[in-house]
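The values are calculated or read from the model by the stated rules, or taken from the named source; none is laboratory data. Everything quoted here is computed from the prediction, not taken from an experiment. Every residue, glycine as well, gets a Cβ built from its backbone with ideal geometry; the counts of neighbours run over all protein chains shown.
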Amino acid sequence: MSAQVPDRASLDRARCVVVKIGSSLLTNDGRGLDEVAIGGWVDQLIALRALGIAPVLVSSGAVAEGMVRLGWHSRPSELHELQAAAAVGQSGLVQCWEGHFARHGVRSAQILLTHDDLSNRKRYLNARSALRTLISLGVVPVINENDTVVTDEIRFGDNDTLGALVANLVEAEALLLLTDQEGLFDADPRSNPDAQLIEECDADDPRLDAVAGGGGLLGRGGMATKLRAARLAARSGALTVIASGRQPDVLLRLLRGESLGTLLKPEHAPITARKRWIAGQLQVRGTLVIDDGAVEVLRTHGSSLLPVGVRQVSGRFKRGDLVVCVDERGERVAKGLVNYDIAEAELIIGAPSREIEARLGYVESPELIHRDNLVVL
Ligand SMILES: Nc1ncnc2c1ncn2[C@@H]1O[C@H](COP(=O)(O)OP(=O)(O)O)[C@@H](O)[C@H]1O
Ligand SMILES: N[C@@H](CCC(=O)OP(=O)(O)O)C(=O)O
């Protein structure tokens, strides 16, 4: 799927998808957790696994369910009340998911994230390895925002955005946003009965801004946040589909390439999208001086940069930071995300990759910069 810009048919080759389900669907429009519907989505997620697709779930509904349990009839405006409702609702929500996965003998795991967890590079990498480990263990992650501890400054604010960031984190090929409408219409169908469904569009098409409106009473962002999420997902080359969670077998049908809901496409294929992102990053944290042999393989073969081809390192970089590679005359050759911090890099440069373990006591990866994270300038 990485070679070309993905389309509907490429959904059928997806290996990892993020499925986000909104509050109104999960709580039967605010009446309380919809056990039957939740059981149905779990059955579909299990069927995806049987097709070799790893699902990651982003589940809203904590506040809406907490309100039901506390007997509150309208959404509170005070942050501390929203936090209390989320705390009450989240435990019921996650128990419900867990119970349904357990019917199939599958484990699920609750992950509550704040914005800080994904904007701080170290915590981002930690969250990423925890999620990847869960996926490799066959566990289905059930993610929500950690509403009980967030304040406005550290909020994602809506789970559509959270879903897009998670899709980027796990390098999912698709973000599937299940909601209470058939998809994105050319006007809000609640107030425009003649509104037409948009079947497919580039996520970055500016005409969409005017049609995507706000949400209902239970959820938060409506279509505006779904559009923003699709644009974020597109930056890492992922497709987004906005579809009705009430369509029978919606997930399976989408992943078979059936035309349902609204497909919002990225402009670039995943690798290209990632490389454009790297190329656009300004904060270079270090410099690697590479020898002529390394310059040659980077330029002509698009190879990864191995420690053996590096002569010198300088700067203050950590694992995952952006560094620039220059030749021995100081000419810029490439930019990339480095796999080791400066102290580790100093110990392994000039050595063949098989010696990394002896020098560091562990191996993060055989390359100093993987070719997927490297842009030749
Ligand atoms: N152009 C549009 N097309 C479809 N729905 C829209 C549009 N603009 C606004 N909406 C509203 O967005 C709502 C879905 O968003 P939201 O309530 O946040 O759902 P969820 O809880 O599933 O995230 C719909 O119920 C609909 O009223
Ligand atoms: N984290 C919140 C959900 C926020 C949210 O984005 O809701 P929704 O628009 O229904 O997906 C909760 O669990 O109540």
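Can you tell me which residue is farthest from ligand 1 (Cβ to nearest atom) among those in the stretch 11-43 that are assigned to a helix (DSSP H, G or I) and surrounded by fewer than 19 Cβ atoms within 10 Å (Cβ to Cβ)?
Going through the qualifying residues, I end up with Arg13.
Please find, within the stretch 87-103, the residue that is farthest from ligand 2 (Cβ to nearest atom) out of those that are closer than 21 Å to Val140 by Cβ and touching a residue at least 60 places away in the same chain (Cβ under 8 Å). Outline the logic, then answer.
At the first step, the residues of the stretch 87-103 found to be closer than 21 Å to Val140 by Cβ are 89-103.
Pick out the ones that are also touching a residue at least 60 places away in the same chain (Cβ under 8 Å) and you get 93, 96, 100, 103.
On the way: Leu93: 7, Cys96: 13, His100: 18, Arg103: 23 Å.
Result: Arg103.
From Val36, Val17, grab the single residue that is away from ligand 2 (no atom under 16 Å from the Cβ) and without any contact (Cβ under 8 Å) to a residue 40 or more places away in the chain.
Val36
What tally of residues in the stretch 45-58 results from selecting those that are in a loop (DSSP other than H, G, I, E, B) and free of Cβ contacts under 8 Å to residues at least 40 places away in the same chain?
Of the stretch 45-58, the ones in a loop (DSSP other than H, G, I, E, B) are 51-53.
From the residues that got through so far, the ones that are free of Cβ contacts under 8 Å to residues at least 40 places away in the same chain too are 52.
Number satisfying all stated conditions: 1.
Of the residues that make up the stretch 266-273, is at least one assigned to a helix (DSSP H, G or I), of a type in the set (Val, Ile, Thr) and modelled with pLDDT of 95 or more?
The answer is no; no qualifying residue exists.
So if I check each of Gly302, Gly336, Gly309, Gly320, which one is closer than 21 Å to Ile278 by Cβ, of a type outside the set (A, V, I, L, M, F, W, C) and surrounded by fewer than 14 Cβ atoms within 10 Å (Cβ to Cβ)?
One residue alone meets the criteria, Gly302.
So, in the stretch 181-199, of the ones that are within 11 Å of Met223 (Cα to Cα) and within 16 Å of ligand 2 (Cβ to nearest atom), which residue ends up surrounded by the most Cβ atoms within 10 Å (Cβ to Cβ)?
Leu184
Kindly check whether there is at least one residue in the stretch 180-194 that is assigned by TED's automatic domain parsing to the domain that holds Thr27 and under 21 Å from the mean Cα position of the chain (by Cα).
Going through the stretch 180-194, the residues assigned by TED's automatic domain parsing to the domain that holds Thr27 turn out to be 180-194.
Cutting the leftovers down to under 21 Å from the mean Cα position of the chain (by Cα) gives us 183-184.
Yes, the conditions are met somewhere in the stretch 180-194.
Rundown of residues vs (1) among the polar types (S, T, N, Q); (2) over 20 Å from Leu232 (Cα atoms), yes/no style:
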site	(1), (2)
Gln90	yes, yes
Leu93	no, yes
His115	no, no
Tyr124	no, no
Ala130	no, yes
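Return the pair list, or none, for Cβ contacts closer than 9 Å from residues in the stretch 59-82 that are away from ligand 1 (no atom under 16 Å from the Cβ) to residues that are among the hydroxyl-bearing types (Ser, Thr, Tyr) and not in a helix (DSSP H, G or I), at least 6 apart or on different chains.
Leu79/Thr151
Does any residue of the stretch 256-279 turn out to be closer than 20 Å to Ser60 by Cβ and hydroxyl-bearing (Ser, Thr, Tyr)?
yes
Regarding Gly320, is this residue in contact with a Phe, Trp or Tyr (Cβ under 8 Å, 6 or more places away or on another chain), touching a residue at least 40 places away in the same chain (Cβ under 8 Å), on the phi > 0 side of the Ramachandran plot and in a loop (DSSP other than H, G, I, E, B)?
Spelling it out, Gly320 is indeed in contact with a Phe, Trp or Tyr (Cβ under 8 Å, 6 or more places away or on another chain), touching a residue at least 40 places away in the same chain (Cβ under 8 Å), on the phi > 0 side of the Ramachandran plot and in a loop (DSSP other than H, G, I, E, B).
Does the stretch 87-99 contain at least one residue that is buried (at least 17 other Cβ atoms within 10 Å of the Cβ) and more than 22 Å from Leu178 (Cα to Cα)?
The answer is yes; a qualifying residue exists.
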